[in-house]
Amino acid sequence: MDRHFYEPSAGTGLPHSPFNAIIAPRPIGWISTRGTDGTFNLAPYSFFNAFCYTPPIIGFASNGPKDTVVNIEETGEFCWNLVTRDLAEAMNVTSAGVDTHVDEFALAGLTPAPSTLIDAPHVAEARVFFECRATQLLELRDAAGTGTGTRMVFGEVVGVHIDTELLVDGIYQTTLADPLTRGGGPDTYFTISDEGRFAMTRPG
């Protein structure tokens with residue numbers, strides 16, 4: 001097959017970098033925290049995923065020193081909130097670059113609710129949320145060992161909350177929640193449906 005090749009350090013040779021579009025769709029890290037001054041913070045991160053089963057560990061990458069990372073450094077806690085299609089517009093509002101003391105919950109018309117095990121609030125409207133305690137914060141480095149300015153935050157999930165309507169015979173139904181995922185470019189998102197579902201058993 002004919003392939004387009006590029007070295008990222010030299011440019012893509014394309015109208016827009018395909019990197020984000022290739023590694024997609026990606027789950028959204030909608031992270032809520034509380035500052036040491038009591039201010040609530042809520043922000044979405046498109047570089048997010050799960051990394052460990054036991055204990056369950058999730059992580060997200062933050063470009064630059066953002067309020068979310070500062071709050072986690074100072075408190076050691078955060079919540080991950082599931083973004084569903086009905087919360088897409090509210091999530092988008094929380095991506096705005098606003099002053100440190102602005103409460104994104106209020107900005108987006110969302111309800112901050114107390115969590116069970118940690119002091120960080122969660123989004124009351126979210127059908128699923130995880131309570132997390134930070135395990136590692138580190139700066140990503142390039143192949144030469146130079147810091148990139150991007151911080152990676154990992155957290156152990158210590159509490160899981162699921163809308164029981166999403167459990168059928170005790171099994172979580174991914175598509176029933178209508179989760180929103182991130183695509184490439186500045187404004188591309190995807191939903192998923194049962195039409196694209198299939199089962200495949202691992203060998204061995």
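The values are calculated or read from the model by the stated rules, or taken from the named source; none is laboratory data. This one's a predicted model, so the numbers in the text were calculated from it and none came from an experiment. Reconstructed Cβ throughout: ideal geometry from the backbone, glycine too, with neighbour counts over all protein chains shown.
Of the residues making up the stretch 145-204, those that are touching a helix residue (DSSP H, G or I) at 6+ places or on another chain (Cβ under 7 Å), over 19 Å from Ala24 (Cβ atoms), modelled with pLDDT of 95 or more and charged (D, E, K, R) number 1. Considering each residue of the stretch 78-97 in turn, none proves to be farther than 25 Å from Arg26 by Cβ and assigned to a loop (DSSP other than H, G, I, E, B). Filter the stretch 1-34 down to the residues that are in contact (Cβ under 8 Å) with a residue 40 or more places away in the chain and assigned to a helix (DSSP H, G or I), then identify the one that is nearest to Val157 (Cα to Cα). Per the stated criteria, the residue is Asn20. All of Arg85, Arg133, Arg127 fail the test of being basic (Lys, Arg), in contact with a Gly (Cβ under 9 Å, 6 or more places away or on another chain) and over 15 Å from Phe40 (Cβ atoms), apart from Arg133. Among the residues making up the stretch 184-202, those that are charged (D, E, K, R), over 30 Å from Ala96 (Cβ atoms) and assigned to a loop (DSSP other than H, G, I, E, B) are Arg197, Arg202.
Per the listing Glu89, Glu74, the residue uniquely among the acidic types (Asp, Glu) and either under 11 Å from the mean Cα position of the chain (by Cα) or closer than 24 Å to Arg182 by Cα (or both) is Glu89.
For the stretch 81-135, which positions are under 13 Å from Arg34 (Cα atoms), modelled with pLDDT of 95 or more and not charged (D, E, K, R)? Scanning the stretch 81-135 gives Phe105, Pro112, Ala113, Pro114, Ser115, Ile118, Ala120, Pro121, His122, Val123, Cys132.
Has the stretch 64-75 got at least one residue that is under 19 Å from Thr39 (Cα atoms), at pLDDT below 95 and surrounded by fewer than 20 Cβ atoms within 10 Å (Cβ to Cβ)?
Yes: one or more hits.
For the stretch 173-204, a residue qualifies if it is surrounded by 12 or more Cβ atoms within 10 Å (Cβ to Cβ) and more than 21 Å from Ile23 (Cα to Cα), and the qualifying residues are Gln173, Leu176, Ala177.
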